[in-house]
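**Student:** Mind having a look at this structure? Questions to follow.
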Amino acid sequence: MRNILSLIILFFLFLNFAFSFNNNVYIGISIGEKKILLQDHIFANNESLWKENEYGSIYEDYMNYIEKFLINKGYSLQDTGYLYFNEYYPEFKKLTNIKTDEEFYISTSKGVFKGIVTSYCLIPSDTYINGNIFYVVLEYKNDEQVEIDEPVVISKYENMSILNLKQLHDRNTVDNFKNIIINTLSGKKVKIYDSEEDRDKLVVIDTFYEDSFRFFKGHFTNKDEEQYIINFSQNITSEFYINTSFITDKDGNVVYKMISVKDKDYDYFMVKGIIDVDGDGLDEILADQGYYEGNGLYLYKFDGNDFIVIADGFVYGV
């Protein structure tokens, strides 16, 4: 029951952003040997295919469906490691529409490679962390080797840019943005819940760690203007976070606010990289989001008014 409730919490943390999955864009993870795991959106996009349990979760039905398939193939959810299947079985129709030999473009920090679907992978141990369990496997032949566990973006867009995972390093610009955040937040009080004392209490923001800041330069809401995304995310206790994330023009004026500091903030929001997925001149934002017992990757695109999630992947909640 605790796992199911945690997964529900993880979902509700991000309801302040709209979801509009793009079936041409996916998030992947490198597993070495020039292989990429792709997580399809079909499970999230087709909730009506699955039965809710008494807590309103469809994960249990999803997990049972996969377990039945594994048993029929001589495996179980207690197996360890990665289980590969080279054939697109009829049972996979509820899990993905992506077939073997289908081609995609894979954007990595080292370049954009062409990849091909070679198999499907089930990871039974994902059930311990309410993970996706089922993945599509792509392989690429470029000489560059993507590091294990490095995130990638996968799409049908040939003109997709390289995934930029490198933060801004211009010292003067970085220091100026840091000072803006520190001056804005220093001394500010936020409310948290103290479970030991069973009461709310105020905590003063007075510490700022170097790895809590993230800065990227790109074009986020206006393709014709140089912009910056400014991101700060830091624990204030073991369970609560301080988050602020906004976009500025080249002069430091805020043009869009994504995340603001709030009381009792259980989740964190950390920008991992930026990428122009479809070649429209606007950079999408790849973020690592989660709470103290779960996290996932989310790809945000500006739709002219707000940022919406067009892909997610590798969302876990324990």
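The values are calculated or read from the model by the stated rules, or taken from the named source; none is laboratory data. As the structure is a prediction and not an experimental result, all values here were calculated from the model. Here the Cβ positions follow ideal geometry from the backbone for every residue, glycine too, while neighbour counts run over all protein chains shown.
**Student:** Looking at the structure I just gave you, is Glu139 over 30 Å from Ile230 (Cα atoms), touching a residue at least 60 places away in the same chain (Cβ under 8 Å) and surrounded by 12 or more Cβ atoms within 10 Å (Cβ to Cβ)?
**Tutor:** Criteria met by Glu139.
**Student:** To continue, here is another question. For segment 24-54, name all the residues that are outside any strand (DSSP E or B), touching a strand residue (DSSP E or B) at 6+ places or on another chain (Cβ under 8 Å) and more than 17 Å from Asp126 (Cα to Cα).
**Tutor:** Selection gives Asn24, Lys34.
**Student:** Inside segment 237-247, can you point out the residues that are β-branched (Val, Ile, Thr) and either surrounded by fewer than 18 Cβ atoms within 10 Å (Cβ to Cβ) or not assigned by TED's automatic domain parsing to the domain that holds Phe177 (or both)?
**Tutor:** Within segment 237-247, just Thr237 meets the criteria.
**Student:** Does Asp149 meet the test of being part of a loop (DSSP other than H, G, I, E, B), assigned by TED's automatic domain parsing to the domain that holds Ile71 and among the acidic types (Asp, Glu)?
**Tutor:** It is true that Asp149 is part of a loop (DSSP other than H, G, I, E, B), assigned by TED's automatic domain parsing to the domain that holds Ile71 and among the acidic types (Asp, Glu).
**Student:** Please give the number of the condition Val261 fails out of (1) modelled with pLDDT under 95; (2) surrounded by fewer than 19 Cβ atoms within 10 Å (Cβ to Cβ).
**Tutor:** Going through the list (1) modelled with pLDDT under 95; (2) surrounded by fewer than 19 Cβ atoms within 10 Å (Cβ to Cβ), Val261 breaks only (1).
**Student:** I'd like the full set of residues that are hydroxyl-bearing (Ser, Thr, Tyr) and over 17 Å from Tyr128 (Cα atoms), limited to segment 51-74.
**Tutor:** Tyr55, the sole residue that qualifies.
**Student:** Another question about this same structure. So in segment 277-289, with the set limited to residues that are touching a residue at least 60 places away in the same chain (Cβ under 8 Å) and surrounded by fewer than 22 Cβ atoms within 10 Å (Cβ to Cβ), which one is farthest from Tyr26 (Cα to Cα)?
**Tutor:** Going through the qualifying residues, I end up with Gly281.
**Student:** Filter the strands (runs of 3 or more DSSP E) completely within segment 55-141 down to those with at least 2 residues that are out of contact with any helix residue (DSSP H, G or I) (no Cβ under 8 Å at 6 or more places or on another chain), in the same structural domain as Asp40 (by TED's automatic domain parsing) and aliphatic (A, V, I, L, M).
**Tutor:** Values: elements: 83-85, 103-108, 111-122, 134-140.
Because the criterion is at least 2 residues that are out of contact with any helix residue (DSSP H, G or I) (no Cβ under 8 Å at 6 or more places or on another chain), in the same structural domain as Asp40 (by TED's automatic domain parsing) and aliphatic (A, V, I, L, M), the strands (runs of 3 or more DSSP E) in segment 55-141 that meet it are 111-122, 134-140.
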